[in-house]
1. Residues with beta-carbon under 11 Å from that of L89, excluding L89: net charge, scoring Lys, Arg +1 and Asp, Glu -1?
2. Where in segment 108-135 does the label zone of E88 land, with the point 7 angstrom along Cα→C-beta and an amide N cut-off under 18 Å?
3. Can you tally the net charge around V50? Count Lys and Arg as +1, Asp and Glu as -1, for every other residue whose Cβ sits under 13 Å from the Cβ of V50.
4. Residues with amide H under 5 Å of C90's amide H, sequence separation 5 or more or different chain, H placed in the peptide plane at 1.01 Å from N; which?
5. Under 21 Å Cα-Cα from K167, which lysines qualify once same-chain neighbours fewer than 8 residues away are excluded?
6. Can you compute the FRET efficiency between R120 and A55 using 1/(1 + (r/R0)^6), with r the Cβ-Cβ distance and R0 = 41 Å? Round to the nearest 0.05.
7. Over segment 1-151, what percent of the accessible surface lies on carbon and sulfur atoms, probe 1.4 Å?
8. Tell me the label-point distance for the pair D106, R11, using the 7 Å Cα-to-Cβ offset, in nm and rounded to one decimal.
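The values are calculated or read from the model by the stated rules, or taken from the named source; none is laboratory data. Since we're looking at a predicted model, the values are computed, not measured. Glycine also receives a Cβ, built like all others from the backbone with ideal geometry; neighbour counts cover every protein chain displayed. Areas reflect the complete protein model, heavy atoms only, side chains present, ligands, DNA and RNA absent. Shrake-Rupley method; radii C 1.70, N 1.55, O 1.52, S 1.80 Å.
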Amino acid sequence: MNIRITYPSGRIDVFDTGAYATSAPFDSKNMLTDFEIGLGDIEEEGLWLVANYYAAKPEFRKGAAGIPVARRSRGWRFLLSTAEEAKELCDVTVDGEMVIARVAGDVCNMREFESAALMRIGASNDGVLERIRKLHAFMVIETGEENPAIPGVTKAAVEYALAAMEKQPEKGDARVVSEDWGDMDEADW
């Protein structure tokens, strides 16, 4: 797993868990590694990665009826970003997927948001602010509330997204498409 944290200063921290797990799982050590990343309260607690493991021990086979069971054991806890650093981070990605983003100064849980958005408005290539606006519009209808809570996104971030998208021109009015292709004429296609 690859975890990337970016900061406004231009600093980028990259963590690669690939070196943590052995490539030969049946060497009587580690058969499976379980990684946890806590995305809640990172500005108070920091951003932590917990690595658990499932040991393949020969004693698990002794007296086992059928297939021996490797149980999860607590491994190590790694501090990826302190609480102070987390107050300044721009975003966090896991394997290229944004899981935390700062919107209007607030930390938003993009995993929670994208799950709710995917269920309600589907997948799209729209930007985060446009997707917040679309999910808000859907949830107004779904809940009947004027300002429904948007999963993973703070009220201030929703207000910012709505205000920012209101100022944007409609896509049809946003630009004029030029068909000037230079020296190429259609006969040469």
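1. It works out to a net charge of -2.
2. none
3. After counting each charged neighbour, the total is 0.
4. Residues meeting the amide H criterion: T6, Y7.
5. K134, K155
6. 0.45
7. Details: 4770 of 9010 Å².
Of all accessible area on segment 1-151, carbon and sulfur atoms account for 53 percent.
8. Calculated label separation equals 2.6 nm.
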